[in-house]
Amino acid sequence: VLATMRDLSRRGPLEEAAGATLGDTLRILRLDVTSDSSVAECLGGVPGGRVDVVVNNAGVGLVGPLESATGPQVQRVFDTNVFGVLRLAQALLPQMKRRRSGHIVVVSSVMGLQG
């Protein structure tokens, strides 16, 4: 199992919860879905290069009145929640299609239903 996170300095609680599995059946890698190079680097660090299942739960929100949202704030939301999903899927689908196996699960939130 590979767990990924954008900021590895925040991995302490995950390492504590992992216990003896850390380094044995669980590895933690850096992955920022808003970066092509980060996706490539992360996938390059996958042992054997094979990914069978991805649970993509990367997401950010923006709460507040629309008129106060700045362009960069909205761009960050789309970069993560839309283009991040696309970027990761495009990187993984070719190998999954070649093998004719694999699953990509994208987790969203109820905020996706609220305007």
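The values are calculated or read from the model by the stated rules, or taken from the named source; none is laboratory data. Because the structure is a prediction, the values reported are computed rather than measured. As a convention, Cβ positions derive from the backbone with ideal geometry for all residues, glycine included, and neighbour counts pool all protein chains shown. The accessibility values were calculated without ligands, DNA or RNA, using every heavy atom of the protein model including side chains. Shrake-Rupley method; radii C 1.70, N 1.55, O 1.52, S 1.80 Å.
Taken over segment 53-83, the criterion of being assigned to a helix (DSSP H, G or I) and closer than 30 Å to Ser101 by Cβ is satisfied by Asp79, Thr80, Asn81, Val82, Phe83.
Selection of segment 13-52 for residues being in contact with a strand residue (DSSP E or B) (Cβ under 6 Å, 6 or more places away or on another chain) and not in a helix (DSSP H, G or I) yields Arg27, Ile28, Leu29, Leu31, Gly45. Across segment 32-50, the qualifying residues are those that are open to solvent by less than 20 Å² (accessible area, probe 1.4 Å) and not small (Gly, Ala, Ser), and the one among them that is nearest to the chain's Cα centre (by Cα) is Val33. When Lys97 is tested against (1) open to solvent by 40 Å² or more (accessible area, probe 1.4 Å); (2) at pLDDT below 95, exactly one condition is not met: (2). Determine which single condition Asn57 fails, assuming it passes every other condition in (1) farther than 19 Å from Arg76 by Cβ; (2) at pLDDT below 95; (3) open to solvent by 40 Å² or more (accessible area, probe 1.4 Å). Asn57 satisfies every listed condition except (1). Residues in segment 4-27 that are more than 17 Å from Gly59 (Cα to Cα) and either surrounded by fewer than 13 Cβ atoms within 10 Å (Cβ to Cβ) or touching an Asp or Glu at 6+ places or on another chain (Cβ under 7 Å) (or both): Ser9, Gly12, Pro13, Glu16, Ala17, Gly19, Ala20, Thr21, Leu22, Gly23, Asp24, Thr25.
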